[in-house]
Amino acid sequence: MEACLAVAVWEEDKMIYLENVYKKYIMGTQVVNALNGITLQIDRHEFVAVVGPSGSGKSTLMNIIGCLDTPTSGTYILDGYDVCNISDNQLAEFRNRKLGFVFQQFNLLQKLTAIENVELPLVYQGLGKKARRKRALEALESVGLSDRINHKPRELSGGQQQRVAIARALVTNPPIILADEPTGALDSKSGAEIMKIIKLLNEAGSTIVLITHDNTIASQAKRIIRISDGSVVEDRM
């Protein structure tokens with residue numbers, strides 16, 4: 001982490017800042033512009049929904065914000081650090097300490113129990129077994145699953161699996177939660193429960209960036225950023 005370039009002047013309320021970010025892909029003989037000069041700022045403790053149809057660039061934007069990819073050009077500052085020009089290992093460390101991810105398909109390991117899945121990010125941090133177990137149990141309790149800690153994913157409902165995924169995202173105490181279509185694989189009741197948890201996390205201080213194509217889900221955020229053809233076309237509270 002220390003090897004990342006710290007920005008000399010950084011306003012304390014800022015969390016995410018992108019300036020003139022482009023992302024281009026080479027597809028055969030064609031150049032595809034996935035992002036076209038994105039500039040935006042997300043402050044600490046905000047709850048932001050990034051909305052757009054398939055192919056709009058919202059997933060590419062999430063991958064860059066989440067340090068899963070890097071821009072072709074432009075500036076990305078995350079919590080006071082320039083992360084555009086660092087090594088893959090440094091990016092992985094940044095992801096593990098600054099970001100928690102919640103995906104549509106849960107991405108749980110089927111052979112592991114709920115608590116073992118939640119412990120995984122702490123294994124990568126090198127935390128001891130006893131400390132890992134304590135923090136994983138606290139995370140599962142926070143999403144109402146203290147009675148399911150030894151169940152494997154196939155023994156849980158979709159909504160319960162997503163709650164395990166949220167607990168896994170929380171267990172490292174990251175300042176930012178990135179949720180990519182977190183209700184997309186759920187029924188309406190389970191989806192409503194997951195959105196309630198996400199809103200409570202924001203109220204407790206987490207910065208939330210929610211990626212969705214669903215305007216109903218987006219309307220529950222405090223700010224909506226609408227993406228089309230790789231550009232921001234709307235940014236409103």
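Without any contact (Cβ under 8 Å) to a residue 12 or more places away in the chain and hydroxyl-bearing (Ser, Thr, Tyr), is that true of residue 17?
It is false that residue 17 is without any contact (Cβ under 8 Å) to a residue 12 or more places away in the chain and hydroxyl-bearing (Ser, Thr, Tyr).
I'd like to know if region 172-180 contains one or more residues that are at pLDDT below 90 and farther than 13 Å from residue 217 by Cα.
Within region 172-180, one or more residues are at pLDDT below 90 and farther than 13 Å from residue 217 by Cα.
Quick check on my filter: what residues within region 199-216 are open to solvent by 20 Å² or more (accessible area, probe 1.4 Å) and either of a type in the set (Lys, Arg) or part of a helix (DSSP H, G or I) (or both)?
Once the filter is applied, which keeps residues that are open to solvent by 20 Å² or more (accessible area, probe 1.4 Å) and either of a type in the set (Lys, Arg) or part of a helix (DSSP H, G or I) (or both), region 199-216 yields 199, 200, 201, 203, 215, 216.
Tally up the residues in region 44-68 that are part of a loop (DSSP other than H, G, I, E, B) and either under 17 Å from residue 17 (Cβ atoms) or of a type in the set (A, V, I, L, M, F, W, C) (or both), please.
6
Being open to solvent by less than 30 Å² (accessible area, probe 1.4 Å), within 22 Å of residue 63 (Cα to Cα) and not charged (D, E, K, R) is the requirement here; does residue 182 meet it?
The answer is yes for residue 182.
Just the residues that are surrounded by 13 or more Cβ atoms within 10 Å (Cβ to Cβ) and either β-branched (Val, Ile, Thr) or without any contact (Cβ under 8 Å) to a residue 12 or more places away in the chain (or both), please, taken from region 217-237.
217, 224, 225, 227, 232, listed by residue number.
Which residue is modelled with the highest pLDDT, if the candidates are limited to region 70-89 and must be open to solvent by 40 Å² or more (accessible area, probe 1.4 Å) and not in a strand (DSSP E or B)?
Per the criteria, the residue is 72.
Across region 13-43, which residue is surrounded by the most Cβ atoms within 10 Å (Cβ to Cβ) among those that are in a strand (DSSP E or B) and of a type in the set (D, E, K, R)?
Across region 13-43, the extreme among qualifying residues is 23.
The values are calculated or read from the model by the stated rules, or taken from the named source; none is laboratory data. Note that the coordinates shown come from a computational prediction; the quantities given were computed from them, not determined experimentally. Positions of Cβ are generated from backbone atoms using ideal geometry, with glycine treated the same way; all protein chains shown enter the neighbour counts. Note: areas computed on protein heavy atoms with side chains; ligands, DNA, RNA excluded. Shrake-Rupley method; radii C 1.70, N 1.55, O 1.52, S 1.80 Å.
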